Amino acid sequence: MSIQEAHNWLNSADAIAVLTGAGMSADSGIPTFRDAGGLWKQFRPEDLATPAAFARHPELVWEWYHWRRELIAHAKPHAGHLALVELQRRAPGFTLITQNVDGLHQASGSGSVLEVHGSIWKLRCTQCFRSWSDRTVPAQGIPRCLCGGLARPGVVWFGESLPPAVWRDAENAAEDCDVLLVVGTSGSVYPAAGLVAMAKSAGARTIEVNTEGTVLSPLMDCSLQGSSGEILPLLLR
Ligand code: BJW
Ligand code: ZN
């Protein structure tokens, strides 16, 4: 399947959904999770990205998130992010679903992004459950809420539910789209990865942009191999 054909599908679609993962931000210098050099090669998810880990060692978990917030604060969107902004401008119906917590889609100008795994720029109180934005970096220690409770990062850890309203919108977009474009995700984390099968069985065409084949590749009508920063501008121009 050629890039030209995939381009034509996107051009003639009434409703497009896009699902992005860590490979979308890789070209901005943010490490992925599962690649060589990915975060889960260096750190154990169960030590850092579960509610139990935070309950045991909140200072260790925050140390990791402070480091990542600092890294992300210096990152800039790339040509692939801008190509998606342009696609949103052209398409009659468009939904951008991201598993990324870095906010780079919004920084590039994409509106109404569905952040199914939350945002690293949001904090939530573990006592009164108040949630707020805080972009202050660099920082140290454990941030606290006005009520005195410990704050936690506003992201979705393993074993936690996705934000219900955001997830409902993501499912609806997957079920209603003519084309689903999947960028830079290994497809190994559920329920997000399940959006692809959902879209496919509802009759959507599926396009994947990834530097490698993934477990989702068999569900794809078109797999484009290469980096998001290179392929997306070519696909959407
Ligand atoms: C490039 C590139 C370039 C590189 N250009 N491409 C069904 C089956 C089995 C398990 C489960 C299931 N349903 C639920 C589960 C459990 C669990 C799960 O999925 N586990 C699996 C790992 C086995 N899921 C959950 O726990 C979820 N919650 C849930 O199900 O709630 C219901 C529930 C409630 C109560 C009890 C039990 C259940 C929540 C999952 C939360 C995931 N959180 C994280 C951390 C977020 C916070 C943070 O960032 O700190 O989300 S984990 C991490 O993985 C992060 C990512 O969003 C997510 C997905 O990773 P992604 O984006 O795909 O990255 P990589 O690294 O895996 O892949 C990068 C890809 O890019 C690769 O393919 C590269 O080739 C490619 N690439 N450079 C283009 N330049
Ligand atoms: Zn509070």
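The values are calculated or read from the model by the stated rules, or taken from the named source; none is laboratory data. Bear in mind that the values here come from a model prediction, so they are computed numbers and not experimental data. Note that each Cβ is placed from the backbone with ideal geometry, even for glycine, and that neighbours are counted across all protein chains shown. Ligands, DNA and RNA are stripped out before the accessible areas are found, and what is left, the full protein with its side chains, is counted by its heavy atoms. Shrake-Rupley method; radii C 1.70, N 1.55, O 1.52, S 1.80 Å.
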Would you say Asp35 is modelled with pLDDT under 95, open to solvent by 50 Å² or more (accessible area, probe 1.4 Å) and not β-branched (Val, Ile, Thr)?
yes
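Residues in the stretch 53-68: is at least one open to solvent by less than 50 Å² (accessible area, probe 1.4 Å), under 26 Å from Arg205 (Cα atoms) and under 19 Å from the mean Cα position of the chain (by Cα)?
Looking through the stretch 53-68, none of the residues is open to solvent by less than 50 Å² (accessible area, probe 1.4 Å), under 26 Å from Arg205 (Cα atoms) and under 19 Å from the mean Cα position of the chain (by Cα).
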Is it true that Ile16 is open to solvent by 20 Å² or more (accessible area, probe 1.4 Å), touching a helix residue (DSSP H, G or I) at 6+ places or on another chain (Cβ under 7 Å) and farther than 15 Å from Ile72 by Cβ?
no
Sole exception among (1) assigned to a helix (DSSP H, G or I); (2) of a type outside the set (D, E, K, R); (3) modelled with pLDDT under 95 for Val61, by number
(3)
Please return the ranges of strands (runs of 3 or more DSSP E) entirely within the stretch 101-177 where 2 or more residues are open to solvent by less than 30 Å² (accessible area, probe 1.4 Å) and at pLDDT 95 or above.
113-115, 118-125, 151-155
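Could you tell me whether Asp134 is in contact (Cβ under 8 Å) with a residue 12 or more places away in the chain, in the same structural domain as Gln88 (by TED's automatic domain parsing) and in contact with a strand residue (DSSP E or B) (Cβ under 9 Å, 6 or more places away or on another chain)? Give the steps one after another, and end with the answer.
Values: in contact (Cβ under 8 Å) with a residue 12 or more places away in the chain: yes; in the same structural domain as Gln88 (by TED's automatic domain parsing): no; in contact with a strand residue (DSSP E or B) (Cβ under 9 Å, 6 or more places away or on another chain): yes.
No: the conditions fail for Asp134.
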Ala197: away from ligand 2 (no atom under 16 Å from the Cβ) and open to solvent by 10 Å² or more (accessible area, probe 1.4 Å), yes or no?
yes
